[in-house]
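Working notes for the structure below.
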Amino acid sequence: MKNFEANRILKMKTSIFATMSQLAIKHKAVNLGQGFPDFDGPAWIMEEAYKAMKNGKNQYAPMNGTLTFRKAISNVYKNYYSLDFNTDTEITVTAGATEALYSTFNAFFEEGDEVILFEPYYDGYYADLLLSGATPKFITLHKPDFLFDFFELEAHITQKTKAIVLNNPHNPTGKVWTLEELNLIAKLAKRYDLLVISDEVYEFLTFDNVQHIPFATLPEMKERTVTISSMGKTFGMTGWKIGYAVAPPNLTAAIQKIHQWTAFAVNTPGQHSMAYALSQLENYLPEFRKLYQNKRDFLFNELKTTKFKPHLPKGSYFIMVDIPAEKQIDDIKCAMELVEKNGVATIPPSVFYSKSDEGKTMLRLCFAKKDEVLLAGIERLKEY
């Protein structure tokens, strides 16, 4: 029988997240690899979804999202960032940020285009670019502070370059981009007439009074920026798969041409409950940030009692650690030993790099876990 797979997917591999999660189950390991909470989000959001279902909100939502949810999104941008987004022409509700990224990449990129990715990158970017036919060009964020070289970035821009993809706060490093860094990227976007896709799913998860700066707030950047975010990350309910993309009308119209043939509509009761959740954001965020800051601090401090050297993240719920030099092994072998022999699952970040070997010296851990899970993971890491 012939191979029926399309040529464009031949380079695509099984996600490292699926692989490590399967190994965690097989070896009954503590899972510090999965990038989502192992505890429930707020019960009051679930209650709102139940109310919506009881009140008949069970049929297809409008393609661009329910009006109540789009209004709530617009209000957040106005109240928190002084940005105005039209509810009818500039907001698209998607099946999680994953679908927002897929629809955005496939709306704007095609064979012959080049797109700049900062590595380490969320691996979904690479997959979406392969599907679109575009060619990724990589700029490394260098340890220990995960900084980039402005001149290297500019040197990678050619006549084929169409966009820069930004992830802020950054997965997997926990980096929160500074205003100076963002201004440098904005300078190049304007100079070379580039689109910027800004993945800001961890926008409300920053620590130590560090402020997240949406890229669209920079002068003259709103008109050339697609901003993507996620209710799953903000409210710890990733399984609901509710995200959105906000962009100027011309960019939004293009995104919706793809969105209408993928998800089309996102679950209706979830949108109604998330509209209410966003209306409560001011009351919710202090405890949310406190919860995750405590978890970050606990894991960071406990990691210092192991042979692994942690890098302090300023945002997201991930922490990068250096593999003990005396082990003289790379990240994939280290991750396999840890899950098979020590019973703790991590993520080898070399899969998020395409140019640099820096990822081979580190592991990524997730601290969005119950306290007892974090403690069990630390005890097993100490034995390595």
Single residue of the range 337-363 satisfying the filter (more than 21 Å from the chain's Cα centre (by Cα) and under 15 Å from Glu383 (Cα atoms)) that is surrounded by the most Cβ atoms within 10 Å (Cβ to Cβ):
Leu338
Looking at Glu99, Glu154 in this structure, which one is more than 30 Å from Arg289 (Cβ to Cβ) and in the same structural domain as Met237 (by TED's automatic domain parsing)?
Glu154
Scan the range 220-235 for residues that are surrounded by fewer than 20 Cβ atoms within 10 Å (Cβ to Cβ) and in contact (Cβ under 8 Å) with a residue 40 or more places away in the chain and jot them down.
Lys222
Yes or no: Tyr60 under 21 Å from the mean Cα position of the chain (by Cα), of a type outside the set (A, V, I, L, M) and either in a helix (DSSP H, G or I) or over 26 Å from Ala368 (Cα atoms) (or both)?
no
Without any contact (Cβ under 8 Å) to a residue 12 or more places away in the chain, of a type in the set (D, E, K, R) and either surrounded by 18 or more Cβ atoms within 10 Å (Cβ to Cβ) or not in a loop (DSSP other than H, G, I, E, B) (or both) - does that describe any residue in the range 163-185?
yes
Close pairs from the range 253-278: first without any contact (Cβ under 8 Å) to a residue 60 or more places away in the chain and within 12 Å of Pro62 (Cβ to Cβ), partner among the hydrophobic types (A, V, I, L, M, F, W, C) and assigned to a loop (DSSP other than H, G, I, E, B), Cβ under 8 Å, at least 6 apart
none
When Asp330 is run through (1) closer than 20 Å to Asp38 by Cα; (2) without any contact (Cβ under 8 Å) to a residue 40 or more places away in the chain; (3) in contact with a helix residue (DSSP H, G or I) (Cβ under 6 Å, 6 or more places away or on another chain); (4) among the charged types (D, E, K, R), the failure sits at (1)
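The values are calculated or read from the model by the stated rules, or taken from the named source; none is laboratory data. Keep in mind the model is a prediction, meaning the values are calculated, not measured. With ideal geometry, Cβ positions are generated from the backbone for all residues, glycine too; neighbour counts draw on all protein chains shown.
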